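In what follows, a structure is listed as structure tokens, so that the remarks can point back to it.
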Amino acid sequence: MTIRLADLQGCFEGVIPSIISTAAADGTPNISYLSHVAMVDDSHIALSNQFFAKTAANIRANPLVTLMLVDGNDGTQYVLDIRFERSIDDGPLFERIALQLRATSAQIGMAGIMRLKSADIFEVLFARRVPSNAELESEASGRRPANLAAVGRVSESISNETEASGIIDTLLDGLHRELGCESAVVLLHDADCGVLTTVGSIGHEAAGLGSEVQNKDNLIASAAAHGRSIKISDLSRARRFGEAILNESRPDENAGRSIAFPHLSDAMSQLAVPMIAQGRVRGVIFVESRERMAFRDDDVAAVELLARHAASAIALSERDADEASTVSASVPLQLAQSVTIQIIHHAFDDSIFIGNDYVIKGVAGRLLAFLIDRYLKEGRRDFTNREIRLSESLRLPDLKDNLETRLLLLRRRLDSKPFPIRLIHTGRGKITLDMDGMPAIRTVE
Amino acid sequence: MQLDQGVKQFLKQPLMIIMGTADRAGRPSIGRAMGVFDSEMDGHLDPVFSIWQWPDTAGNIRDTGRLAVTLANPSSYASYQMKGKAWLQHAKPEDIARSDGYIEAIDAELQRLGVPPKLTLPWLCNREPLVATLNVSEIYVQTPGPRAGMAAGHAQ
């Protein structure tokens with residue numbers, strides 16, 4: 001039976017190390033493990049050129065090379081006769097391999113050590129399956145492809161939503177219920193400070209709203225930086241290295257002014273998909289599974305479809321929200337005058353504490369300080385996105401495209417704990433401040 | 001070449017073992033060994049492998065008398081490559097028993113590291129075993145890191 005490279009998808013996940021054997025000009029064999037093999041087309045593969053010097057020298061002296069790939073689903077071994085063609089050190093294929101290698105390296109605590117300098121392209125002359133005592137049916141071949149009808153249903157639901165909150169919730173619910181993702185997180189991108197902030201999650205003990213991802217070497221930040229999906233199919237190696245995956249420990253929010261990122265502590269597979277609209281990365285969808293190799297190429301394509309749709313819908317909702325220009329006065333609030341809500345605004349990072357409890361920092365923190373200040377000075381509780389965006393006192397970055405989602409983040413963060421202050425969404429592009437007492441805000445440098 | 005104590009200690013750990021050979025035309029080949037043991041001769045090792053699973057490895061050793069073996073600790077990634085002349089021998093009952101013991105030990109080690117048994121089943125095969133006695137003449141460090149590729153081991 002002829003084996004096609006397309007049939008070997010489970011071998012290109014980097015789960016089980018591949019093996020490369022070469023021979024010197026005098027026939028002396030050499031054999032070593034190999035970190036990354038990528039399929040180029042039906043008859044070519046690319047190897048990350050991080051060979052030992054002897055392997056590299058042998059390939060130049062004798063282009064006949066033998067490779068062994070192992071299917072990460074069932075352990076089936078394949079031997080490929082290959083012939084060296086050329087090296088590449090730029091272009092889309094090189095970037096794809098470099099990005100995946102970088103993400104994989106970071107997961108095993110070797111970020112910066114395994115930088116890709118070039119990739120070698122080989123023609124595949126022949127591929128054969130190694131005989132085995134274990135003649136088991138491949139689980140991969142028995143798995144059903146991603147359900148296009150389910151993707152269609154989620155997409156339709158997203159189409160019916162008009163506001164960022166509904167779009168994000170529908171997306172998360174669809175990923176969880178229709179596509180079977182055990183957990184999912186939506187993060188939105190702040191281009192000004194290069195931070196990705198969690199605005200919604202599903203399938204975790206703690207929602208982690210407001211948690212931030214900054215480390216450029218991790219999966220999520222890499223997907224955003226490069227506008228490409230990245231996956232890890234077996235995290236057991238990372239565990240062996242004892243490396244923390246994202247924020248393994250739960251930080252003390254109040255001491256560290258940071259919120260724990262929501263993730264599965266026992267995840268085996270991770271996938272980060274950029275949310276791209278109008279050519280710009282708006283955020284990232286991060287999904288995890290406790291299964292090894294949970295995300296195949298068709299699963300990735302399904303999440304990518306929904307990511308693009310949701311990104312476009314959010315961008316559109318931002319524009320619509322900005323059009324609301326008038327507010328209807330809300331019912332006067334009967335504040336409990338005897339109760340004072342002590343709020344501290346730390347100007348250096350715009351972090352906000354209510355009492356001793358950390359709320360949020362950054363632009364969202366500045367927004368909350370602004371709203372409370374307006375209330376104290378003008379007695380107003382009702383605001384529109386438009387006036388907030390135009391306010392010069394806010395020193396806001398260009399929020400034209402993501403003010404609505406900043407306010408959504410702030411609103412959800414305030415709802416996530418029994419804070420005495422809440423934001424009520426009163427209509428498209430409109431919010432009302434709701435409080436259980438009289439605020440007293442103090443700004444400290 | 002005699003193996004120093006460091007290498008001898010390393011060989012006592014549960015290791016993944018791969019074998020590289022080449023035919024007379026320079027086409028390389030790959031095989032897995034199911035255990036590598038001290039030979040009766042100093043400076044020699046006896047990897048056991050399945051001719052049923054790796055017929056090219058057997059054919060190439062028979063034709064060229066050359067073999068490269070890389071041994072890697074699946075937990076620490078510490079690795080060595082050993083090269084030299086090699087020849088084939090039938091596996092004696094004690095070789096088969098040692099190879100069976102190796103399969104049991106490496107299977108347990110891989111499971112401890114989170115590799116499920118269904119994955120290792122196709123690799124751990126010593127059906128129709130042969131011994132490829134290797135006269136070690138070169139040893140290289142293959143552990144990823146600054147010493148990778150350096151010669152290791154020396155005459156004692």
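The values are calculated or read from the model by the stated rules, or taken from the named source; none is laboratory data. On a predicted model such as this, the values are computed, not experimentally measured, just so you know. For neighbour counting, all protein chains shown are included, and Cβ atoms are generated from backbone atoms with ideal geometry for every residue, glycine included. Remember, those area values only see protein heavy atoms, side chains included, never the ligands or the DNA or RNA. Shrake-Rupley method; radii C 1.70, N 1.55, O 1.52, S 1.80 Å.
Checked against (1) at pLDDT 90 or above; (2) in a loop (DSSP other than H, G, I, E, B); (3) surrounded by fewer than 19 Cβ atoms within 10 Å (Cβ to Cβ), A:ASP173 meets all criteria but (2). Which of the residues that make up region B:24-58 are at the interface with chain A (Cβ under 8 Å from one of its Cβ atoms) and farther than 23 Å from A:ILE20 by Cβ? The answer is B:TRP52, and nothing else. B:ARG98 meets each of the listed conditions (1) in a helix (DSSP H, G or I); (2) open to solvent by 40 Å² or more (accessible area, probe 1.4 Å); (3) over 19 Å from B:LEU15 (Cα atoms) apart from (3). Considering only region A:387-401, I want to know if a residue exists there that is at pLDDT 80 or above, assigned to a strand (DSSP E or B), open to solvent by less than 70 Å² (accessible area, probe 1.4 Å) and more than 25 Å from A:GLY194 (Cβ to Cβ). There is no residue in region A:387-401 that is at pLDDT 80 or above, assigned to a strand (DSSP E or B), open to solvent by less than 70 Å² (accessible area, probe 1.4 Å) and more than 25 Å from A:GLY194 (Cβ to Cβ). Out of region B:116-150, which residues are open to solvent by 10 Å² or more (accessible area, probe 1.4 Å) and polar (S, T, N, Q)? Correct list: B:ASN126, B:ASN135, B:SER137, B:GLN142, B:THR143. On the basis of being charged (D, E, K, R), without any contact (Cβ under 8 Å) to a residue 40 or more places away in the chain and out of contact with any Cys (no Cβ under 6 Å at 6 or more places or on another chain), does B:ARG62 make the cut? Taking the combined requirement at face value, the residue satisfies it. Within region A:12-32, the set of residues being within 13 Å of chain B (Cβ to nearest Cβ) and modelled with pLDDT under 90 comprises A:GLU13, A:VAL15, A:ILE16, A:PRO17.
Considering region A:112-153, and only residues there that are loosely packed, with under 13 Cβ neighbours inside 10 Å and assigned to a loop (DSSP other than H, G, I, E, B), the residue that is modelled with the highest pLDDT turns out to be A:LYS117. None of A:ALA53, A:ALA25 is open to solvent by 30 Å² or more (accessible area, probe 1.4 Å), free of Cβ contacts under 8 Å to residues at least 24 places away in the same chain and among the hydrophobic types (A, V, I, L, M, F, W, C) except A:ALA53.
Reported count of residues in region A:411-426, each being of a type in the set (A, V, I, L, M, F, W, C) and either part of a strand (DSSP E or B) or touching a Gly at 6+ places or on another chain (Cβ under 8 Å) (or both), is 3. Contact map, region A:428-445: residues that are more than 16 Å from A:PRO418 (Cβ to Cβ) paired with residues that are among the polar types (S, T, N, Q) and open to solvent by less than 10 Å² (accessible area, probe 1.4 Å), Cβ distance under 9 Å, separation 6+ or inter-chain. Pairs shown: A:ARG428/A:SER317; A:ARG428/A:ASN385; A:GLY429/A:THR384; A:GLY429/A:ASN385; A:LYS430/A:THR384; A:LYS430/A:ASN385; A:ILE431/A:THR384; A:ILE431/A:ASN385. Residues that are β-branched (Val, Ile, Thr) and either free of Cβ contacts under 8 Å to residues at least 40 places away in the same chain or out of contact with any strand residue (DSSP E or B) (no Cβ under 8 Å at 6 or more places or on another chain) (or both) were ranked within region B:96-128; the one that is farthest from B:SER50 (Cα to Cα) is B:VAL115. Every condition in (1) within 14 Å of chain A (Cβ to nearest Cβ); (2) in contact with a helix residue (DSSP H, G or I) (Cβ under 8 Å, 6 or more places away or on another chain); (3) under 16 Å from B:ALA152 (Cβ atoms); (4) in a loop (DSSP other than H, G, I, E, B) is met by B:TYR80 except one, and the failing one is (4). The set of residues in region B:74-95 being under 24 Å from A:THR76 (Cα atoms) and touching a strand residue (DSSP E or B) at 6+ places or on another chain (Cβ under 7 Å) consists of B:PRO74, B:SER79. Residues in region B:33-53 that are within 16 Å of A:VAL130 (Cα to Cα) and open to solvent by 10 Å² or more (accessible area, probe 1.4 Å): 2 in all. Can you say whether B:ALA68 is more than 9 Å from the chain's Cα centre (by Cα), within 9 Å of chain A (Cβ to nearest Cβ) and within 11 Å of A:PRO29 (Cβ to Cβ), as far as the supplied structure shows? No: the conditions fail for B:ALA68.
Which of the residues that make up region A:51-103 are small (Gly, Ala, Ser) and within 7 Å of chain B (Cβ to nearest Cβ)? A:ALA53, A:GLY75 - these are the residues of region A:51-103 that are small (Gly, Ala, Ser) and within 7 Å of chain B (Cβ to nearest Cβ). Every condition in (1) outside any helix (DSSP H, G or I); (2) within 13 Å of chain A (Cβ to nearest Cβ); (3) over 24 Å from B:GLY6 (Cβ atoms) is met by B:LEU134 except one, and the failing one is (3).
Inspect all residues belonging to region B:6-27 and state whether any of them is surrounded by fewer than 18 Cβ atoms within 10 Å (Cβ to Cβ), touching a helix residue (DSSP H, G or I) at 6+ places or on another chain (Cβ under 9 Å) and of a type in the set (A, V, I, L, M). No, region B:6-27 has no match at all. Restricting region A:427-445 to residues that are open to solvent by less than 30 Å² (accessible area, probe 1.4 Å) and outside any strand (DSSP E or B), the residue that is modelled with the lowest pLDDT is A:GLY429.
Would you mind stating whether B:LYS85 is more than 12 Å from chain A (Cβ to nearest Cβ) and either open to solvent by less than 20 Å² (accessible area, probe 1.4 Å) or not β-branched (Val, Ile, Thr) (or both)? So B:LYS85 fails the test.
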